[in-house]
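The values are calculated or read from the model by the stated rules, or taken from the named source; none is laboratory data. The structure displayed is predicted, hence computed values, not measured ones. Reconstructed Cβ throughout: ideal geometry from the backbone, glycine too, with neighbour counts over all protein chains shown. For accessibility, only protein heavy atoms count, side chains too; no ligands or nucleic acids. Shrake-Rupley method; radii C 1.70, N 1.55, O 1.52, S 1.80 Å.
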Amino acid sequence: MKITDAKVFVSSPSRNFVTLKLITDEGIHGLGDATLNGREKAVVAYLQDHLVPCLIDRDPFQSEDIWQYFYRGSYWRRGPVTMTAIAAIDMALWDLKAKSLNVPLYQLLGGKSRASVQVYCHATGADIEAAVDDVGRHIEQGYRAIRVQSGVPGIAATYGVGKQGRKYEPAQEGMPEECVWSTSKYLAHVPQLFRRLRDVYGDRIELLHDAHHRLTPIEAARLGKDLEPFRLLWLEDPVSAELQEGFRLIRRHTVTPLAVGEVFNSVHDCLTLITEQLVDYIRMTVVHGGGITPIMKLAHLAEPYHVRTGFHGATDLSPITMAAALHVNTAINNFGIQEHMPHDPLVDPVFRHGYTYEAGSMLPGEEPGLGVEYDEALAAQYPYRPAYLPVNRREDGTLWNW
Ligand code: CS2
Ligand code: MG
């Protein structure tokens with residue numbers, strides 16, 4: 001089998017997605033997600049101008065060699081644009097391989113290690129009581145693990161909390177919104193939120209929280225300590241993730257489990273965190289981490305260090321990445337939990353998928369390959385619209401972590 005053509009699509013059914021389609025001489029095609037929130041066009045150019053021309057006439061079964069060719073061969077390694085582009089190709093190759101063997105992808109990754117994949121959802125509210133109510137709604141939908149974010153008194157807009165009761169979306173059309181951040185107000189507020197949640201719901205559910213990289217290590221250590229009585233499943237992204245050594249300090253002070261990695265794109269970004277057991281869950285996922293090939297290696301590396309996976313699954317990752325994550329999660333031993341932030345209803349008809357949600361868990365489905373089909377005609381009805389994540393400033397105007 002040979003790759004004869006490749007197409008890169010950009011479509012915006014409610015938000016932007018970049019999709020790669022690899023076409024072969026045997027009439028089978030493979031799909032990959034190439035979406036990098038707020039930087040979509042950079043990945044399109046990287047794929048179209050630099051990678052796709054090198055793919056023509058290659059054997060799509062050689063997924064390892066093709067991955068190494070693009071990773072090692074470029075001289076310029078790593079970085080989110082590069083790794084998202086390589087990830088799209090890698091996903092499409094695995095999709096093609098599994099389709100041509102007529103098996104769901106998880107069968108090629110080790111087969112079924114569990115009956116289903118436990119997911120966590122997002123509950124949010126403008127204030128504590130609104131967040132408590134939203135948690136109740138998600139319990140009714142069957143979720144047993146819930147990430148909770150709420151507005152912070154004195155801060156006008158909090159990332160991760162929808163505006164005017166709407167669901168939040170990790171990008172907004174137009175130029176980036178500028179928000180104001182106060183660490184002291186945040187640190188005083190979050191323990192009150194989780195105290196109330198445990199008062200109302202007891203131990204019926206697992207609770208998670210995302211600090212969105214906004215703290216310093218000693219502030220994160222304080223928050224972790226303050227949250228210990230409320231037994232979180234994890235505290236996510238407590239500090240900006242570049243300085244892995246910063247987690248040593250947090251770890252010395254708190255037994256609140258830690259999760260990190262949604263902005264990582266290489267095993268080198270998490271090597272210290274894993275080998276020193278500084279985190280409990282690693283969140284680097286298929287689309288931004290270079291594809292299924294390196295994510296499987298990452299999971300296997302983490303296994304002896306008691307680090308489990310907790311892959312990123314926000315709405316800016318397309319259903320192709322969700323499908324890939326579910327196949328990986330089904331096969332590996334050290335799966336922890338999967339983020340599930342359901343897409344807008346416009347998305348699923350464009351990316352018809354075999355994966356399903358039921359009672360707090362998901363299944364990858366039994367269709368050959370990833371189990372996703374891309375409706376090109378429908379996608380063409382939703383042209384690209386520039387959209388960005390917000391930026392954050394501290395109260396004195398200093399630019400701060402988003
Ligand atoms: C968040 C995301 O899902 C999460 O954990 O941190 O909303 C994240 O901010 C976006 O996916 C970034 O594109
Ligand atoms: Mg996050």
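Looking across segment 85-105, not a single residue is within 19 Å of the chain's Cα centre (by Cα) and surrounded by fewer than 24 Cβ atoms within 10 Å (Cβ to Cβ). Checking each residue in segment 151-173 for being within 17 Å of the chain's Cα centre (by Cα) and open to solvent by less than 20 Å² (accessible area, probe 1.4 Å) picks out G160, P170, A171. Modelled with pLDDT of 95 or more, open to solvent by less than 10 Å² (accessible area, probe 1.4 Å) and of a type in the set (F, W, Y), is that true of F311? Yes. None of N392, N333 is out of contact with any Cys (no Cβ under 9 Å at 6 or more places or on another chain) and either open to solvent by 50 Å² or more (accessible area, probe 1.4 Å) or at negative phi (or both) except N333.
Of S74, S63, S11, all but one fail to be at pLDDT below 95 and of a type outside the set (D, E, K, R); the exception is S74.
Answer yes if at least one residue in segment 368-387 is within 16 Å of ligand 2 (Cβ to nearest atom), assigned to a strand (DSSP E or B) and in contact with a helix residue (DSSP H, G or I) (Cβ under 8 Å, 6 or more places away or on another chain), and no otherwise.
Within segment 368-387, none of the residues are within 16 Å of ligand 2 (Cβ to nearest atom), assigned to a strand (DSSP E or B) and in contact with a helix residue (DSSP H, G or I) (Cβ under 8 Å, 6 or more places away or on another chain).
Residues that are touching a residue at least 40 places away in the same chain (Cβ under 8 Å) and hydroxyl-bearing (S, T, Y) were ranked within segment 372-402; the one that is nearest to N16 (Cα to Cα) is Y384. Among the residues making up segment 259-288, those that are among the charged types (D, E, K, R), within 16 Å of ligand 2 (Cβ to nearest atom) and open to solvent by 10 Å² or more (accessible area, probe 1.4 Å) are E262, D269, D280.
Looking at P217, P191, P176, P229, can you tell me which residue is at pLDDT below 95 and surrounded by fewer than 21 Cβ atoms within 10 Å (Cβ to Cβ)?
Values: P217 fails: at pLDDT below 95; P191 fails: at pLDDT below 95; P229 fails: at pLDDT below 95.
Answer to the check: P176.
Restricting attention to segment 116-150, the residues that are crowded, with 20+ Cβ neighbours inside 10 Å and not in a helix (DSSP H, G or I) add up to 15. Considering only residues of segment 327-356 that are more than 16 Å from ligand 1 (Cβ to nearest atom) and aliphatic (A, V, I, L, M), which is nearest to T285 (Cα to Cα)? For segment 327-356, the residue satisfying everything is V328. If the condition is being of a type outside the set (D, E) and within 16 Å of ligand 2 (Cβ to nearest atom), then segment 148-178 contributes V148, Q149, S150, T158, Y159, G160, V161, G162, K167, Y168, P170, A171. Checking L208, L227, L235 one by one, the residue that is among the hydrophobic types (A, V, I, L, M, F, W, C), in contact with a Ser or Thr (Cβ under 7 Å, 6 or more places away or on another chain), part of a strand (DSSP E or B) and closer than 21 Å to Q149 by Cα is L235 and no other. For segment 170-228, residues that are among the aromatic types (F, W, Y), without any contact (Cβ under 8 Å) to a residue 60 or more places away in the chain and away from ligand 1 (no atom under 16 Å from the Cβ) total 1.
M322 falls short on exactly one of the conditions (1) hydrophobic (A, V, I, L, M, F, W, C); (2) open to solvent by less than 10 Å² (accessible area, probe 1.4 Å); (3) within 16 Å of ligand 1 (Cβ to nearest atom); (4) closer than 26 Å to E64 by Cα, and that condition is (2). Can we say Y69 is assigned to a helix (DSSP H, G or I), in contact (Cβ under 8 Å) with a residue 12 or more places away in the chain and of a type in the set (S, T, Y)? Yes, satisfied.
Scanning segment 289-303 for any residue that is in a strand (DSSP E or B) and either within 14 Å of ligand 1 (Cβ to nearest atom) or open to solvent by less than 10 Å² (accessible area, probe 1.4 Å) (or both) turns up nothing.
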